Amino acid sequence: MSEARAEERKRLEELLGDLERIHGAMLRLEDDFAAELEHVDESYRESARNLLHYLVANADLVGMSFVRRPQDVRALQAQLERLGGRHLGIVLKIERAGASSVCPTCCSP
């Protein structure tokens, strides 16, 4: 086997490994949100499963409504990071007066 062919094969194996890791992350994410997905109308479930994956691949930012606790934001940050979406900005829609304290605790680096 030529050196170029061996390098090509090695790169393909690396890409396959990357795809397997991404697939595993997608399955874990789906498991994490299984209970929440049960509350989503059945006709929208497939869309809900794919939303974060789509956002990581195509969006510049993510919006989050009804933020109440820093844990809400941290959970989203963790999910995005697992999918390689750490680069995404997050816009918080704070709709309750008491929830404004979320920003200083969850938005610091």
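Read-outs: derived from the displayed coordinates by stated rules, not from any lab. All figures in this text were calculated on a predicted structure; none of them were measured in a lab. Cβ coordinates were reconstructed from backbone atoms using ideal geometry, including for glycine residues, and neighbour counts include every protein chain displayed.
Mind ranking 6-18, 76-88 by how tightly packed they are, going by the mean number of other C-beta atoms within 10 angstrom, highest first?
Order by mean packing, descending: 76-88, 6-18.
Net charge near residue 77: determine it from the other residues with C-beta under 14 Å of the C-beta of residue 77, scoring Lys and Arg +1 and Asp and Glu -1.
So the surrounding residues net to +1.
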